[in-house]
Amino acid sequence: MKLSKIGLSLFTGAALLAASAQPAFAGEQKTKPILGIPKSALDDFGGAAGVHAWVESLFYYIMLDNRISHIFREFGNVERQIALNTQLEQMVLGGAVEYQGASMSAAHADLGITMTQFNAVVEAAYNACERNNVPYKTCNHLIAALAPFTRVIVTR
């Protein structure tokens, strides 16, 4: 898949979480979707189970990538990161969960993430979409919603 510039300005926000452990499906009230995310986005991802499968695939590709896997091994429990990212993605897509992790700036402050590393996570995100048969347009909705986190994640 060809990566768009907006796509490259995205995702590590979710993927580089090294935040506190919380259950993957916390909360019961419906959260408001991010502006611009269609109401069907969560269903387009395959619901909560589809998002979880996508996040697991995301981390599969992250852990295969020598540009970034060391960050995840060194700075956090991958299982915890999968749980928190599942929460975050479901929330962004309008799911009935409350994200319980640290803020993006707090979670990434001391990691020294480069744009190259950030882009590697974006590549992993698109690979996870392909692996889970998530349409490119649907994948772009999630990535575009997370793009504003780039400035607090990329610090060098």
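The values are calculated or read from the model by the stated rules, or taken from the named source; none is laboratory data. Everything quoted here is computed from the prediction, not taken from an experiment. Counting neighbours? That spans all protein chains shown, and the Cβs are built from the backbone with ideal geometry, glycine included. Just so you know, the surface numbers come from the protein's heavy atoms only, side chains and all, with ligands and any DNA or RNA stripped out. Shrake-Rupley method; radii C 1.70, N 1.55, O 1.52, S 1.80 Å.
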Open item on the list: Suppose R0 equals 30 Å. What FRET efficiency, 1/(1 + (r/R0)^6) with r the Cβ-Cβ distance, do ARG73 and LYS137 give to the nearest 0.05?
Closed with: 0.35
Open item on the list: Can you work out the Karplus-derived ³J(HN,Hα) for every residue in the stretch 64-77? Use 6.51 cos²θ - 1.76 cosθ + 1.60 with θ = phi - 60°, whole Hz, and x for glycine or proline.
Closed with: 7, 9, 5, 6, 9, 4, 4, 5, 6, 5, 6, 10, x, 6
TODO: Pop out the ³J(HN,Hα) list for the stretch 103-109 in order, Karplus 6.51 cos²θ - 1.76 cosθ + 1.60 with θ = phi - 60°, rounded to Hz; leave Gly and Pro as x.
DONE: 5, 4, 5, 5, 5, 10, 3
Open item on the list: I want the local charge near GLU89. Using Cβ-Cβ distances under 14 Å, sum +1 for each Lys or Arg and -1 for each Asp or Glu among the other residues.
Closed with: -4
Task: Qualifying GluC sites (Glu not before Pro) for the stretch 53-111 [loop in DSSP, other Cβ within 10 Å: at most 15] - done: GLU98
TODO: Report in % the part of the accessible area of the stretch 60-108 that belongs to carbon and sulfur, leaving out ligands and nucleic acids; probe 1.4 Å.
DONE: 51 percent
- [ ] Could you check how many percent of all C-alpha pairs in the stretch 28-153 are farther apart than 21 Å?
- [x] 35 percent
Open item on the list: With an 8 Å Cα cut-off and a minimum separation of 6 or more residues, compute the relative contact order for the stretch 28-153 in percent.
Closed with: 39 percent
